[in-house]
Amino acid sequence: MKGYKVRYFEKLDSTNKKAISYPVGSVIVAKEQSGGKGRFRRKWCSSRGGIYMSIVTDAYSPNYLTLIAAIAVNRSIEDACGIKTMIKWPNDLLFKKKKISGILTVISQGKAVVGIGINTNNALPGSLYGKAGSLQQFTGSKIDNRLIINNIISCLDHHIGWLKDKRYDKILSEWKNRSFIGHKIIVKTLKKTVKGTAYDIDEDCFLIVKDNKGKKKGSLKGTSL
Ligand code: BT5
């Protein structure tokens, strides 16, 4: 992959944790993780067979990096498996209402680490039954992880170009086309829960939810259910 150095590991605690000590342009991939991380100290189940990768980039806005990573994952899954996932704000990709992928972007030591987990050929624990799914389950065939990983890197790199050029409008419109905008949702912020329709996303990457009374602004500190 031009300009990127991909390093493969058999097993890591967390690719995000490992990646932070590597320079910009590094990609850390593990076949499994023993301590995969989600947001708010949640766990990411990372058994062998799935994709667990972290890309080290310059420290752009983490909100925008999460949006472009979601676009890259959505496109790469579609190209490799013909499955159109839906991006659920802020960091999930769903297919048939099951979570297939999650993204965790962190800024540290003047760099950004974009961590991506995708359920491809991995088994999922019973605790996620009904909530999560894998691409192998949905397609009935083995997924080519390397193909998806390489696609994600080139797609993310392309969209980092948009970030460099400050083409936020292009990013937002691409994200909206692939997202749950227009769907009924429940958003839980730190203070309240808002039920309504996902209406739009603003230039700060905040979700705008329309309820019966008009427009309301969600907060990236919240999480959609
Ligand atoms: C996320 O957090 O969705 C971000 C996940 C990021 C994982 C990647 S893997 C590579 C890199 N290295 C890391 O250590 N992390 C990143 P959040 O929105 O907080 O969702 C976490 C919730 O998703 C959990 O509380 C479970 O309910 C659910 N979950 C856990 N493992 C899952 C899986 N494999 N598939 C689907 N859902 C899962």
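The values are calculated or read from the model by the stated rules, or taken from the named source; none is laboratory data. On a predicted model such as this, the values are computed, not experimentally measured, just so you know. Glycine gets a Cβ as well: all are built from the backbone with ideal geometry, and neighbour counts include every protein chain shown.
Filtering segment 95-120 down to residues that are of a type in the set (Ser, Thr, Tyr) and within 9 Å of the chain's Cα centre (by Cα), which residue is farthest from residue 51 (Cα to Cα)?
Kept after step one, since they are of a type in the set (Ser, Thr, Tyr), are these residues of segment 95-120: 101, 105, 108, 120.
If we keep only those that are within 9 Å of the chain's Cα centre (by Cα) too, we end up with 101, 105.
On the way: 101: 9, 105: 16 Å.
If we take residues in segment 95-120 being of a type in the set (Ser, Thr, Tyr) and within 9 Å of the chain's Cα centre (by Cα), then 105 is farthest from residue 51 (Cα to Cα).
Could you tell me which residue of segment 40-88 is surrounded by the fewest Cβ atoms within 10 Å (Cβ to Cβ), considering only residues that are in a strand (DSSP E or B) and charged (D, E, K, R)?
Quick first cut of segment 40-88, residues in a strand (DSSP E or B) only: 43, 51-58, 86-88.
So of that shortlist, the ones also charged (D, E, K, R) come out as 43, 58, 88.
Details: 43: 11, 58: 13, 88: 21.
Per the criteria, the residue is 43.
Which of the residues that make up segment 14-60 are of a type in the set (S, T, N, Q) and more than 24 Å from residue 110 (Cβ to Cβ)? Spell out the reasoning first.
Here is the first cut: in segment 14-60, the ones of a type in the set (S, T, N, Q) are 14-16, 21, 26, 33-34, 46-47, 54, 57.
Of everything in segment 14-60, those that are of a type in the set (S, T, N, Q) and more than 24 Å from residue 110 (Cβ to Cβ) turn out to be 33, 34, 46, 47.
Report, by residue number, each residue of segment 38-54 that is under 16 Å from residue 150 (Cα atoms), near the ligand (Cβ under 7 Å from one of its atoms) and not small (Gly, Ala, Ser).
Within segment 38-54, 52, 53 qualify.
Can you go through 98, 2, 17, 88 and tell me which one is touching a Leu at 6+ places or on another chain (Cβ under 6 Å) and charged (D, E, K, R)? If you could, list the steps in order and put the result at the bottom.
Details: 98 fails: touching a Leu at 6+ places or on another chain (Cβ under 6 Å); 2 fails: touching a Leu at 6+ places or on another chain (Cβ under 6 Å); 17 fails: touching a Leu at 6+ places or on another chain (Cβ under 6 Å).
The conditions single out 88.
Is there a residue in segment 59-79 that is in contact with a Lys or Arg (Cβ under 7 Å, 6 or more places away or on another chain) and hydroxyl-bearing (Ser, Thr, Tyr)? So that I can check it myself, show each step before the final result.
So the first thing to find is which residues in segment 59-79 are in contact with a Lys or Arg (Cβ under 7 Å, 6 or more places away or on another chain), and the list is 59, 71, 74, 78.
Then drop every residue that is not hydroxyl-bearing (Ser, Thr, Tyr), which leaves none.
Within segment 59-79 (the criterion being in contact with a Lys or Arg (Cβ under 7 Å, 6 or more places away or on another chain) and hydroxyl-bearing (Ser, Thr, Tyr)), the answer is no, since none of the residues qualifies.
Working only within segment 127-171, note down all residues that are within 23 Å of residue 29 (Cα to Cα), charged (D, E, K, R) and in contact (Cβ under 8 Å) with a residue 24 or more places away in the chain.
144, 157
Name the single residue, out of those in segment 6-20 being part of a loop (DSSP other than H, G, I, E, B) and over 15 Å from residue 103 (Cβ atoms), that is nearest to the ligand (Cβ to nearest atom).
Result: 13.
Give me the pairs: first residue in segment 96-115 and under 18 Å from residue 127 (Cβ atoms), second residue away from the ligand (no atom under 13 Å from the Cβ) and of a type in the set (S, T, N, Q), beta-carbon distance under 8 Å, and six or more apart or on different chains, which are they?
none
Check segment 143-165 and report whether any residue there is charged (D, E, K, R), out of contact with any Ser or Thr (no Cβ under 6 Å at 6 or more places or on another chain), more than 30 Å from residue 32 (Cβ to Cβ) and surrounded by fewer than 20 Cβ atoms within 10 Å (Cβ to Cβ). Walk me through how you get there before you give the answer.
Filtering segment 143-165 for residues charged (D, E, K, R) gives 144, 146, 157, 164-165.
Adding the requirement that they be out of contact with any Ser or Thr (no Cβ under 6 Å at 6 or more places or on another chain) leaves 144, 146, 157, 164-165.
Those left that are additionally more than 30 Å from residue 32 (Cβ to Cβ): 164-165.
Subset that is surrounded by fewer than 20 Cβ atoms within 10 Å (Cβ to Cβ): 164-165.
Yes, segment 143-165 has at least one match.
So residue 35 fits all but one of (1) part of a loop (DSSP other than H, G, I, E, B); (2) surrounded by 14 or more Cβ atoms within 10 Å (Cβ to Cβ); (3) within 12 Å of the ligand (Cβ to nearest atom); (4) free of Cβ contacts under 8 Å to residues at least 40 places away in the same chain; what number is the exception?
(2)
Taking segment 21-32 on its own, how many of its residues are surrounded by fewer than 20 Cβ atoms within 10 Å (Cβ to Cβ), within 17 Å of residue 152 (Cβ to Cβ) and within 11 Å of the ligand (Cβ to nearest atom)?
0
Residue check, residue 3 against (1) more than 10 Å from the ligand (Cβ to nearest atom); (2) modelled with pLDDT of 95 or more, all met but one. Which one?
Single failed check for residue 3: (2).
Please give the helices (runs of 4 or more DSSP H) falling wholly within segment 119-212 in which 3 or more residues are within 15 Å of the ligand (Cβ to nearest atom) and in contact with a helix residue (DSSP H, G or I) (Cβ under 7 Å, 6 or more places away or on another chain). Please lay out each step first, then the result.
Values: elements: 135-139, 145-164, 168-177.
Per the criteria, 145-164.
For residue 111, are the conditions met, namely being within 13 Å of the ligand (Cβ to nearest atom) and in contact with a strand residue (DSSP E or B) (Cβ under 8 Å, 6 or more places away or on another chain)? Lay out the reasoning, then the answer.
Working: within 13 Å of the ligand (Cβ to nearest atom): no; in contact with a strand residue (DSSP E or B) (Cβ under 8 Å, 6 or more places away or on another chain): yes.
In short, no.
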